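Novice: Please see the structure below; I have some questions.
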Amino acid sequence: MLRPRDEALLCALARFRIARTGDLTELFFRGVRRDTASARLRRLHDSGFIEARSAGLSEQNVYCLGPEGLYWAEERGIAAGTPPLEPASHHLAIVRLWARLAAALAANEAMRLTRFEPDWELRAKLAGSGAPVVPDAAIEIVPRQPGLRAAIRIALEVDLTTERLGALRRKLAVYEVSRIFAGSDPVSIASVLVGAGGRRLASVRSLLERAWRSETHVLLGSEWPAALLQQLHRAPLADTPIGKGKAMAATLRSDAGSQRQGEGLSPSCSSLGSADDE
């Protein structure tokens, strides 16, 4: 019998399409013994709700929905996209940042997620519209107490350092944020560099400051999300224009105490920031 946590995990996998073991355990088994989490994932696997792709002895498993999981999602009208082809490094990097933000802010009392749409959902929604380029994710967060702060909107770019900076420059030149974010409020951009050094960091920061008209946030993958959260908590709570260094973040909407035990997670896909929350 599926537990609420199992249903939340299946719903997340429907949106993630694929996710590493660490992403799922960080989101849904915080404070739970590792062997307990492994046993539950194994039971879901053996029951056909999830499937594991082995990436080698030294790598984490990568999970997707299994036949029973796909049937469960279809019965509930939950869209489950086709997993990307291997190695899917960029896709998994987006999922990793998404999961780390969600886990870090699960107990946050000040802010909540209203939107996290990764590029595969954005592309599906905008198919045939002529939209030239989409960000790696569109994020929106709002204060839990209305009126304390304007909604924060961010276009996320994940940099695996495998492309020349010119590719990022060309991408920014054809961004049409009006296709992605409604309204006229400013949209910040965050570039998270995975596996990069200080030289690449400085180059990307310089490029974004020249090319982006609103606020920019550039940081290493190892700093995510702690550096952004620190900036967020230092930012004023007044409903003022977005200031330099404000952070964008995503969180699962759930009871804070239950989340620490990995229990009480909503099975609704909106808990991961569905576009339907807008």
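The values are calculated or read from the model by the stated rules, or taken from the named source; none is laboratory data. Keep in mind that what you see is a predicted model, and the values were worked out from it rather than measured. All Cβ positions, glycine included, derive from the backbone under ideal geometry; neighbour counts span all protein chains shown.
Novice: Which one of these is crowded, with 20+ Cβ neighbours inside 10 Å, of a type in the set (Lys, Arg) and either in a helix (DSSP H, G or I) or not assigned by TED's automatic domain parsing to the domain that holds residue 117 (or both): 30, 100?
Specialist: Just one listed residue meets the conditions, 100.
Novice: Within the range 192-215, restricting attention to residues that are modelled with pLDDT of 90 or more and in contact with a Lys or Arg (Cβ under 8 Å, 6 or more places away or on another chain), which residue is nearest to residue 91 (Cα to Cα)?
Specialist: Step by step, filter the range 192-215, then rank; the result is 193.
Novice: Moving on to the next point. Quick one: which of 174, 204, 133 is farther than 22 Å from residue 98 by Cα and of a type in the set (Val, Ile, Thr)?
Specialist: The conditions single out 174.
Novice: Regarding residue 44, is this residue free of Cβ contacts under 8 Å to residues at least 24 places away in the same chain and out of contact with any Cys (no Cβ under 6 Å at 6 or more places or on another chain)?
Specialist: no
Novice: Next question, about the same structure. May I ask you to list the residues in the range 24-51 that are charged (D, E, K, R), in contact with a helix residue (DSSP H, G or I) (Cβ under 8 Å, 6 or more places away or on another chain) and at pLDDT below 95? I'd like the intermediate steps shown before the answer.
Specialist: Going through the range 24-51, the residues charged (D, E, K, R) turn out to be 26, 30, 33-35, 40, 42-43, 46, 51.
Those still in the list that are in contact with a helix residue (DSSP H, G or I) (Cβ under 8 Å, 6 or more places away or on another chain) too: 26, 30, 34, 40, 51.
Within the range 24-51, 26, 30, 34 qualify.
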